[in-house]
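In what follows, a single structure is set out as structure tokens and then discussed.
What follows is calculated from the coordinates using simple rules that are stated; it is not laboratory data. From a predicted model like this one, the values you see are computed outputs, not experimental measurements. Don't worry about glycine lacking a Cβ; one is built from the backbone with ideal geometry, like all the others, and counts go over all protein chains shown.
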């Protein structure tokens with residue numbers, strides 16, 4: 001997952017990791033967010049595997065080996081897309097794109113009154129593909145449990161991305 005500081009890369013990473021742990025998967029993650037305070041690049045690597053798979057050897061995903069890429073900023077894929085494997089899927093926050101894996105998540109989040117919540121819209125959009133380790137219901141439960149007093153708003157944002165992806169039949 002890639003974005004810039006303030007877009008919620010770390011919160012979305014935590015949602016994925018907590019949902020995986022709740023489903024009894026092994027999880028390993030790494031985050032780079034030193035410049036996040038200044039709107040700099042933020043990237044997280046999330047590795048999720050079942051019980052029968054040998055333990056991880058590194059928290060980082062090697063270039064060309066990521067199954068999925070979630071880009072929260074329009075330039076995220078240009079910066080970190082090299083991590084995606086050739087047959088992987090990249091879900092990107094990009095306005096005016098004809099690519100079905102792109103969504104103007106910033107516009108959706110703004111229309112719902114939370115322009116900084118692109119992360120939840122994109123997480124819902126990616127969940128609609130059914131390529132994640134769990135279904136949307138499991139992610140909704142995790143969003144609800146981690147969002148505190150903002151749970152209703154967070155769920156509205158997540159479901160907006162989910163609904164848009166389902167409408168596009170990802």
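Restricting attention to strands (runs of 3 or more DSSP E) lying wholly within segment 1-117, give those where 1 or more residues are in contact (Cβ under 8 Å) with a residue 40 or more places away in the chain, surrounded by 14 or more Cβ atoms within 10 Å (Cβ to Cβ) and within 13 Å of the chain's Cα centre (by Cα).
Values: elements: 2-4, 26-32, 41-49, 66-71, 84-93.
Here the list reads 2-4, 41-49, 66-71, 84-93.
What number goes with the only condition from (1) part of a helix (DSSP H, G or I); (2) in contact with a helix residue (DSSP H, G or I) (Cβ under 8 Å, 6 or more places away or on another chain) that residue 129 does not pass?
(1)
Identify, please: which residue in segment 118-137 is surrounded by fewer than 16 Cβ atoms within 10 Å (Cβ to Cβ) and on the phi < 0 side of the Ramachandran plot and is, among those, farthest from the chain's Cα centre (by Cα)? Steps first, please.
Of segment 118-137, the ones surrounded by fewer than 16 Cβ atoms within 10 Å (Cβ to Cβ) are 130-131, 135, 137.
Okay, now just the ones that are also on the phi < 0 side of the Ramachandran plot, so 131, 135, 137.
Numbers: 131: 12, 135: 14, 137: 15 Å.
Only one residue tops the list, namely 137.
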